[in-house]
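The values are calculated or read from the model by the stated rules, or taken from the named source; none is laboratory data. Just so we're clear, the structure is a prediction, and the values are computed from it rather than from any experiment. FYI the Cβ positions are ideal-geometry reconstructions off the backbone, even for glycines, and counts take in every protein chain you see.
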Amino acid sequence: YSDDVLHVDTFTETKSISEAINKMMGRLKLLDDSREEFVSNVSHELKTPMTSMKVLADSLLEQENLPVEMYQEFMGDIAKEIDRENKIITDLLSLVKMDKKGQTLNIESININELLEQILKRLKPIAEKKNVEIVMESFRPVTAEIDETKLSLAISNLVENAVKYNHDNGWVHVSLNADHKFFYVKVEDSGIGIPKEDQAHVFERFFRVDKSHSREIGGTGLGLAIARNAVIAHRGAIKVYSEEGEGTTFTVRIPLIYTAS
Ligand code: ADP
């Protein structure tokens, strides 16, 4: 009888161990696949500006006695591609830095109303170029324990997108509210909107609804992945609501008090 019990136990144990190993292998495979996809995406994104620069530089080299205006135009295009390459690298570095497990946040008590005002002030010139009006509404004074640099980056990315994917003469509303536990930032725009089927993917790295449009306006496809990472690191939540052709709203909820784990 005892042998029998032993036999059953060993059998169940072996089965559960092999199940656990299988499960782990499955996870490792997924991790490996996603890493491979990430590396291939990064290489592709970094190569695109390089290819353009090469074409531009070759055309300059091949032609003799090029009028100075043409020369200036091509050099201007090369400079733009260098800016783009730089932006991709900067975004990638901040993403990789935040991705590290156990990333340390530099938590300080910050006046969130002032933080938002600063962000909007910095983005005003971009909005003015498209005559997009940015309106800020604060329902109450909010002080919270956050990493100022990381959260600033997250909110800036949302507001910058609200301007970038807006129509000329559109608007962006940014609002701040709080209860006893959380503060809430809402970024609402009158822009082009995001198709329903794409809404679940916008926080993925390198995902862009319209690659050529996004590239044209200087997008890297990393802004929302960075924003999401920063919000999650603060134990917060970020959501998107959108109607195609009508506009988009991003909501961010962050605890007022930071808890390490
Ligand atoms: P990008 O650098 O291309 O802007 P993001 O990660 O910031 O990358 O955003 C991913 C994609 O989500 C964008 O390319 C765009 O298609 C879409 N998107 C983001 N924000 C908005 C918005 N406010 N309105 C419409 N589309 C948006």
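Of note:
- Every condition in (1) touching a strand residue (DSSP E or B) at 6+ places or on another chain (Cβ under 9 Å); (2) among the acidic types (Asp, Glu); (3) free of Cβ contacts under 8 Å to residues at least 12 places away in the same chain holds for Glu114 except the one numbered (1).
- Residue check for Ser190: at pLDDT below 95 and over 18 Å from Asn113 (Cα atoms): no
- Checked against (1) under 14 Å from Gly191 (Cβ atoms); (2) surrounded by 22 or more Cβ atoms within 10 Å (Cβ to Cβ); (3) more than 7 Å from the ligand (Cβ to nearest atom), Thr248 passes all but condition (3).
- Qualifying position, being among the polar types (S, T, N, Q), touching a Ser or Thr at 6+ places or on another chain (Cβ under 7 Å) and over 25 Å from Thr248 (Cα atoms), among Ser59, Ser52, Ser109: Ser109
- Unmet criterion (only one of (1) within 16 Å of the ligand (Cβ to nearest atom); (2) surrounded by fewer than 19 Cβ atoms within 10 Å (Cβ to Cβ); (3) of a type outside the set (A, V, I, L, M)) for Tyr165: (2)
- Among the residues of the range 196-243, just one is of a type in the set (Ser, Thr, Tyr), at pLDDT 95 or above and either near the ligand (Cβ under 10 Å from one of its atoms) or within 15 Å of Lys87 (Cβ to Cβ) (or both), namely Ser242.
- Per the conditions (1) surrounded by 12 or more Cβ atoms within 10 Å (Cβ to Cβ); (2) in a helix (DSSP H, G or I), the sole criterion not satisfied by Leu30 is (1).
- Flag if Gly170 is more than 10 Å from the ligand (Cβ to nearest atom), at pLDDT 95 or above and either farther than 21 Å from Lys97 by Cβ or surrounded by fewer than 18 Cβ atoms within 10 Å (Cβ to Cβ) (or both): yes
- Elements of type helices (runs of 4 or more DSSP H) contained in the range 62-180, each with 2 or more residues being aromatic (Phe, Trp, Tyr): 68-99
- For Thr259, the criteria (1) out of contact with any strand residue (DSSP E or B) (no Cβ under 8 Å at 6 or more places or on another chain); (2) within 10 Å of the ligand (Cβ to nearest atom); (3) among the β-branched types (Val, Ile, Thr) hold in every case but one, which is (2).
- Picking from residues in the range 187-236 that are hydrophobic (A, V, I, L, M, F, W, C) and loosely packed, with under 15 Cβ neighbours inside 10 Å, the one that is farthest from the chain's Cα centre (by Cα) is Ile217.
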